[in-house]
Amino acid sequence: MHIRVINPNTTQAMTDTIGEAARAVASPGTHITACQPKSGPVSIESHFDEAVSVMGVIEEVLAGEREGTDAYIIACFGDPGIYAARELTRAPVIGIAEAAFHMASLISTRFSIVTTLPRTMIIAEHLLESYGFSHNCRRIRAADIPVLDLEEHPDRALELIIEECLRAKREDNIGAIVLGCGGMADLTPKISEAVGLPVVEGVTAAIKLAEAVVGLGLGTSKFGDLAFPRPKPFVGRFESYSNL
Ligand SMILES: NC(=O)NC1=NC(=O)NC1=O
């Protein structure tokens, strides 16, 4: 099986972190390709960053289709472009937020999310609502760290994330923590040991869910709204999307 793990931002160090975490849990026989767009934001921390990153996600899915891919992971906690990506392939496309919510709901009745900057909390809130997990999440918290601090100041970032996770454990009456950033993919063991709660991380959850979906012979339904887009002309910079 070939899984294409897409880091929607353009920071190679984070793509490497994500790819390493994915390979650590992949089953024998699962080949992981970790990739990122050629253009776009170095980190995704706002609605604007996310909107721009979607074009890169689409490019990476189209590249995956040309190369042959059994499943795609969108490795940013906003799951940017997930429905557009699903329209472009018969393979499953799994976002790390959706994967983490499902996984956490299987092991706890209530979880809290610890993400990066406070301004990204609304993005997680919107996803909880759209995926139907609002009831399962007690609180969305932020460690108040820029995304790239996870690569550039990892020790301080880890310290702040653990502090916020400990506050969640004390105050939120939860059974699990969900890590709210693809860049946290390598931190699960350290956080779990420090906090003493099950820690669910979206990249690794998505890899195992992708293996399960493909293993069952399932993929993105092409009936209804996730059918391939109707062929039509695109003009200007998107002309290459004409009659896909
Ligand atoms: N909430 C987040 O930190 N989202 C993210 N921004 C990125 O660049 N990658 C993420 O996972």
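Data for the structure
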| read-out | value |
| --- | --- |
| Top-ranked residue of region 145-200 - restricted to ones that are out of contact with any helix residue (DSSP H, G or I) (no Cβ under 8 Å at 6 or more places or on another chain) and outside any helix (DSSP H, G or I), ranked as farthest from the ligand (Cβ to nearest atom) | Asn173 |
| Arg119 being more than 12 Å from the ligand (Cβ to nearest atom), charged (D, E, K, R) and open to solvent by 60 Å² or more (accessible area, probe 1.4 Å) | no |
| Residues (open to solvent by 50 Å² or more (accessible area, probe 1.4 Å), modelled with pLDDT of 95 or more and part of a loop (DSSP other than H, G, I, E, B)) located in region 230-244 | Arg230, Pro231, Lys232, Pro233, Phe234, Val235 |
| Exclusive hit being away from the ligand (no atom under 14 Å from the Cβ), farther than 17 Å from Val195 by Cβ and free of Cβ contacts under 8 Å to residues at least 60 places away in the same chain, set Glu129, Glu125 | Glu129 |
| Single residue of Ala157, Ala168 found to be among the small types (Gly, Ala, Ser), in contact (Cβ under 8 Å) with a residue 24 or more places away in the chain and surrounded by 14 or more Cβ atoms within 10 Å (Cβ to Cβ) | Ala168 |
| Restricting region 46-59 to residues that are touching a Pro at 6+ places or on another chain (Cβ under 7 Å) and farther than 28 Å from Val214 by Cα, the residue that is least open to solvent (accessible area, probe 1.4 Å) | Asp49 |
| Selected residue [touching a Phe, Trp or Tyr at 6+ places or on another chain (Cβ under 8 Å) and assigned to a helix (DSSP H, G or I)] from Ala97, Ala91 | Ala97 |
| Positions within region 4-54 being more than 15 Å from the ligand (Cβ to nearest atom) and not polar (S, T, N, Q), in sequence order | Arg4, Glu20, Arg23, Ala24, Val25, Ala26, Pro28, Gly29, His31, Ile32, Lys38 |
| Residue list for region 45-81, restricted to those being β-branched (Val, Ile, Thr), touching a residue at least 24 places away in the same chain (Cβ under 8 Å) and not in a loop (DSSP other than H, G, I, E, B) | Val54, Val57, Ile58, Val61, Ile73, Ile74 |
| Condition check for Thr89: open to solvent by less than 30 Å² (accessible area, probe 1.4 Å), of a type in the set (Ser, Thr, Tyr) and within 16 Å of the ligand (Cβ to nearest atom) | no |
| Residue match in region 189-208 (condition: closer than 26 Å to Asp70 by Cβ, touching a residue at least 60 places away in the same chain (Cβ under 8 Å) and open to solvent by 20 Å² or more (accessible area, probe 1.4 Å)) | yes |
| Qualifying residue in region 216-224 (condition: open to solvent by less than 50 Å² (accessible area, probe 1.4 Å) and either within 30 Å of Ile162 (Cβ to Cβ) or not β-branched (Val, Ile, Thr) (or both)) | yes |
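The values are calculated or read from the model by the stated rules, or taken from the named source; none is laboratory data. Model, not experiment: these values are computed from the prediction. Please note: Cβ atoms are built from the backbone with ideal geometry, for glycine as well, and neighbour counts cover all protein chains shown. Surface accessibility is based on the protein's heavy atoms, side chains included, excluding ligands, DNA and RNA. Shrake-Rupley method; radii C 1.70, N 1.55, O 1.52, S 1.80 Å.
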